[in-house]
Amino acid sequence: MKHRLWLLKERIQDFLFPSDIATKQQSLTGHIETHHNRLTMIAVMLMFGFIIIVITLLRLSLTTPHSIHTTTTKGVPRADILDRNGVVLATTLQTVSLAVNPKKIINPIQTAQNLIKIFPSLSLDDIKDDLTKHTSFVWIKRDLTPEQQEKTILLGNPAFSFIKAYPRVYPQGNLFSHILGFTNIDGRGIAGLEKQYDKQLRTQKNPLKLTVDSRIQFIIRHLLKKSVDRFKAQGGVAILMDVKNGDIISLVSLPDFDPNHPDLSPAQNLFNQATLGVYELGSIFKIFTISTGLDHQDITLKDKFDVSKPLHIGRFVIHDDIPQKGSISVADIFSYSSNIGASQIALKYGAEVQKDYFKRMGFFDPSPLNIPEIGTPLVPHRWSTARTVTASYGYGLAVSPLQVVTAVAGIVSDGMLPVPNLVMGQEHHKETPILHHTSVVQKIRQLMYLNVLHGTAKSSNVPAYRVGGKTGTAEKASHQEKGYHVHRLISSFASAFPIDHPRYALYVLLQGPQKTKYNPYSATAAATAVPLTKKIVTQIAPLLHIMPQSPNDPSFLKYIRIPLYPKKLYIDSKR
Amino acid sequence: MALPLSKPSKRRSSKSSWHSSWLSRIIILTLLILGGVFYHFSTVMNKLTLQKQELITQITQEKHQQHILQAEWSYLARPDRLYALKKQFFKNLSPALPQHIQSLDAFSQQTKQS
């Protein structure tokens, strides 16, 4: 508008004073150039502004959004561990914790009041104290819920920082503690399967599927714990193994611990008695002594041995807990658990044969189970005659409960030693033969069933599931007294069921059971481990899809009857 | 093929012939159509890529949720908790005894007899 007025004024002047036209034209050209320059300058400035806006937009859209809060990550997620039915046994959950840099806090009281609204469980005074500390890092709250985190972010305080972590969580608590192990604060496995498969669990996303069954594990642990409490024992072990492939269905060692908080448990609770502990296990070894004699063809079930007098071997005097008169058959040596009889059988085939068979049964080497806590058996350097005799009934040689159940599973199934296994898809084919003659397998099954009907394991009889087994009561070795504690026992029972075609081998062991009101006369295996086995088999057999069958079935009786053995195998249906 | 655009000196001299060349027109038309098609495909691809990213994010979130739910379910369905609930609400419920279990064949035979 001004410009137009100015042009109008100029035109009027030109009309009134025509002599100045040339001068005015020059002046007008100068004005136009000045305006042109100004417009160019404005355009350049606008262009620069536009370029700055474009660069800013590009930077914002191409780079990651900037947050006023810092977020750091601790640890890495690990793959899950599942049981054979897909139940989660170990998993990793992402959690966020809140930390504060007090040096960046402008108004600690106001900040504390804001925080207490989000975290009412915290103390206002504690938060105020934390926020006024002369440090650059203070924990406020661990494991925030997503809602709490959102509210904290909305406070918009740059002093807050969120720390992401991947803690390992074991939803089943103590149930699988000795199998799973646990991880350290950096998320690395330091015990059990967590340690054995640490690299796989950290690098692969696929879960690790185990052979164990959480239902069976719970029943066995529950019943074992009741027995430990009932008999005031120091601990207990139970292992259930699939005899065909060595899969461990359940492995319990008591006392145990909560892998979510292993530091809260006493050190002795972290000790895996089932795989790491090695013990002299007593008369359980008569299974191995007699199967060796039968397989090496030094004895038959009809052979008789005089067990009426104690046996003197060097400085050892061998007695029987249940003394028998005169000569008894191999079947009765097994049923009455005669140490004198077992010693004579071992002496018949000698030390070299015994060593050879025991080696093939896996008693001289650590078990190949896939966890790191594996005990090394204690084997005597010199295998003397006395050692041959004591080893025949389970003394002088210390092995783990896992080794015993593995050997029993091999002998009652097909005479081949299985490789114990805890991880699905890692089964090994049986390659080590324990027995040369498969007929021995049937004879051992007959002896084990006879023992349950008429021998030391009477109270384990579950007729419908046809259990067979052998008891073992060992006195604990005492280093202080250079001998054995007569009243500190290891009572155990090795069984297999159904005994005519065994599918599972079960081994239960009680450490130091006492005489209580439930067993006032004895703390031996017959009074402690055997009734426990009966309860376990009764409850787990339906879950293992074992159909109840009549114990008086003629074909079964024909298979299980020992020829010429006088005692009846028919079971009264009222029992 | 040398297009007239690359050689402006010659373009002026052969301007009339270039305008009349049907081949050049077809090439230009084809290029325009192709450009349009490529632009369309590029737009569709961008949209699909965005959709894919959104789906991947959704799947990741769903998997994360599923993971948490599985852990929660495993915690809530742990056998010792179920046993405690059974003791509280089903005091008479006892473990299955052998006489409680029968094969389907035996059961159907019993039904027929009755």
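Values quoted throughout were computed directly from the atomic coordinates according to the rules given, and no laboratory measurement underlies them. Here the structure is a predicted model, which is why all the values come from computation and not from measurement. Positions of Cβ are backbone-derived with ideal geometry, glycine not excepted, and every protein chain shown enters the neighbour counts.
Positive-end ranking of A:Leu62, A:Ser459, B:Ser103 along the dipole of the protein assembly as shown, with charges on Cβ about the Cα centre, is headed by A:Leu62.
Within region A:320-374, the trypsin sites (Lys or Arg not before Pro) that combine a DSSP coil assignment with at most 11 other C-beta atoms in a 10 angstrom radius are A:Lys325.
At most 12 other Cβ atoms within 10 Å plus a DSSP loop assignment makes a site exposed; report the longest stretch of chain A without any exposed GluC sites (Glu not before Pro). Intermediate results must be reported in sequence, preceding the final value.
Working: sites that count: A:Glu431, A:Glu481.
The longest uninterrupted stretch comes out as A:1-430.
Based on Cα contacts under 8 Å between residues 6+ apart, chain A shows a relative contact order of 13 percent. I'd like to know which of A:Leu124, A:Phe160, A:Pro171 lies farthest towards the positive end of the charge dipole of region A:124-186, counting +1 on Cβ of Lys and Arg and -1 on Cβ of Asp and Glu. Value: A:Pro171. Here is how the number arises for the protein assembly as shown: DSSP H runs of 4 or more residues each give -39500 (n - 2.57), the sum is divided by the residue count, and the result at 222 nm is -14000 deg cm²/dmol. Dipole check for region A:32-162: with +1 at the C-beta of Lys and Arg, -1 at the C-beta of Asp and Glu, and the Cα centre as origin, the magnitude is about 200 Debye.
Only loop residues by DSSP count here, and only those with at most 11 other Cβ atoms within 10 Å; note down the trypsin sites (Lys or Arg not before Pro) in region A:185-293 that meet that.
On the way: sites: A:Arg188, A:Lys195, A:Lys199, A:Arg202, A:Lys205, A:Lys209, A:Arg215, A:Arg221, A:Lys225, A:Lys226, A:Arg230, A:Lys232, A:Lys244, A:Lys286; in loops: A:Arg188, A:Lys205, A:Lys232, A:Lys244.
Of the trypsin sites (Lys or Arg not before Pro), the ones in loops of region A:185-293 whose Cβ has at most 11 other Cβ atoms within 10 Å are A:Lys205.
Taken about its Cα centre, region A:405-487 carries a charge dipole of about 300 debye when Lys and Arg each add +1 at the Cβ and Asp and Glu each add -1 at the Cβ.
Annotation: the residues B:Ser21, A:Ser555, A:Ser459, sorted from fewest to most other C-beta atoms within 10 Å of their own C-beta, follow the order A:Ser555, B:Ser21, A:Ser459. From the alpha carbon centroid of region A:170-239 to that of region A:95-157 is 37 Å. Each of A:Lys515 and B:Ile26 was given a label point 7 Å from its Cα along the Cα-to-Cβ line. The distance between the two points is 11.4 nm. Taking 0.36 nm per residue of sequence separation and removing the Cα-Cα distance, the A:Thr72/A:Arg503 pair yields an extension gain of 150.0 nm.
Within region A:454-528, list the chymotrypsin sites (Phe, Trp or Tyr not before Pro) lying in a DSSP loop whose Cβ has at most 14 other Cβ atoms in a 10 Å radius. Don't skip to the answer; put the middle values down first.
On the way: sites: A:Tyr465, A:Tyr484, A:Phe493, A:Tyr504, A:Tyr507, A:Tyr518, A:Tyr521; in loops: A:Tyr518, A:Tyr521.
Hits after loop and neighbour filter: A:Tyr518, A:Tyr521.
Cα centroid separation, region A:422-455 to region A:286-339: 21 Å. Positive-end ranking of A:Ala409, A:Phe493, A:Ile434 along the dipole of region A:389-532, with charges on Cβ about the Cα centre, is headed by A:Phe493.
Go ahead and run the numbers for FRET between A:Lys348 and B:Ile56, Cβ-Cβ distance against an R0 of 56 Å, rounding to 0.05. List each step's numbers first, then the result.
Details: r = 73 Å, r/R0 = 1.31.
Given R0 = 56 Å and the Cβ-Cβ separation, E is 0.15.
Roughly how many debye, to the nearest 20, is the charge dipole of chain A about its Cα centre, given +1 on each Lys and Arg Cβ, -1 on each Asp and Glu Cβ, and no other charges? Don't skip to the answer; put the middle values down first.
Values: 65 positive and 43 negative charges, 166 e Å.
About 800 debye.
Label sites at A:Ser61 and A:Leu264, each approximated as a point 7 angstrom past Cα along Cα to Cβ, lie 5.3 nm apart. Using the Cβ-Cβ distance between A:Val317 and A:His429 with R0 = 56 Å, the FRET efficiency computed as 1/(1 + (r/R0)^6) comes to roughly 0.80.
Of the Cα atoms belonging to region A:411-547, the radius of gyration and Dmax stand at 16.8, 50 Å.
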